[in-house]
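The values are calculated or read from the model by the stated rules, or taken from the named source; none is laboratory data. Quick caveat: nothing in here was measured; it's all calculated off a predicted structure. Ideal geometry is used to build each Cβ from the backbone, glycine not excepted, and the neighbour counts take in all protein chains shown.
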């Protein structure tokens, strides 16, 4: 089991299989689907691109960002894909095929916002200001779409108000991720001297809603509290910080963490998922819990296939990799977590250090 800490060099061939998996899945148009025959969504696609950037696959990462630029809608959003629309074969324990219309009528705010995080992350590593300039209009349009759906209470609607998405509701995980994307959007705007006051104010309102207005989330559907992401994402994104963040993570640690294995996807199932464990690793770093973060990351390497790619997760009662998929985003999440732990790239601090304050600095 590889245990890495800050300043360690990532072993030269450590992620060969993970990178090969992402590149194997990337299509000629730059798109990176979830897995073989899987759907594409802007969030997980961007996550995969970020993994490529960390390990020097710059041109392939830019092909991925070019795909986002080419497919952005006029209002700044993208058509999304939702995992619940992908058919699952219970007997084979894997997702099957690609449902062509899955998510076609959904314009998800979190999916749209994440381009800002991906673009800023890429710029921190490449320092290519000309490339950043070409991506700025796409970031600006995406954030305009997202913030057009912020309510007077501060939360942001989960998707555009279309006939297929009538639920006027908000998600804790999605809004937390948007909070982080707003931070990155502000930093990009600063690079070009653009005004940021409105984005700062929107981010502060969103933070207040996430911390102090739980009644504004999960109003029209069943609570998502059984999912670990709703637990750690406010810490990962910097909504909850310092001592409050540590207390927040400690409160449900025994519920969501399977010692020696990782983070459960949902509290009531014996199933740890590698991407959630990698994200929890970064949340722990942000909260100042480095020892726990390093242990959490080290546990994940046991869930690699022989080819070096990471399984989506592990069902530890049945003792099987489940589902039998090796997603691009899972590989990328482990790469990003390893970067955050070791300080490998100039972007490592983005998911490891104190976030931007809510007041303009």
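Some points to look at:
- Exactly one residue out of 274, 286, 257, 341 is buried (at least 17 other Cβ atoms within 10 Å of the Cβ), touching a strand residue (DSSP E or B) at 6+ places or on another chain (Cβ under 7 Å) and within 23 Å of residue 181 (Cα to Cα), and it is 274.
- Taken together, 322, 311, 299 contain a single residue that is farther than 17 Å from residue 348 by Cα, touching a strand residue (DSSP E or B) at 6+ places or on another chain (Cβ under 7 Å) and either surrounded by fewer than 18 Cβ atoms within 10 Å (Cβ to Cβ) or modelled with pLDDT under 95 (or both), which is 322.
- Check on residue 333, at pLDDT 95 or above and under 25 Å from residue 212 (Cα atoms): no
- Residue 185 vs. criteria closer than 17 Å to residue 216 by Cα and either at pLDDT below 95 or surrounded by 24 or more Cβ atoms within 10 Å (Cβ to Cβ) (or both): no
- Residue 195 falls short on exactly one of the conditions (1) under 22 Å from the mean Cα position of the chain (by Cα); (2) in a loop (DSSP other than H, G, I, E, B), and that condition is (1).
- Among the conditions (1) touching a strand residue (DSSP E or B) at 6+ places or on another chain (Cβ under 6 Å); (2) assigned to a loop (DSSP other than H, G, I, E, B); (3) within 19 Å of residue 234 (Cα to Cα), residue 353 misses just one, which is (1).
- Qualifying helices (runs of 4 or more DSSP H) (wholly inside the stretch 211-286; at least 2 residues being modelled with pLDDT of 95 or more, out of contact with any helix residue (DSSP H, G or I) (no Cβ under 9 Å at 6 or more places or on another chain) and more than 30 Å from residue 305 (Cα to Cα)): 242-251
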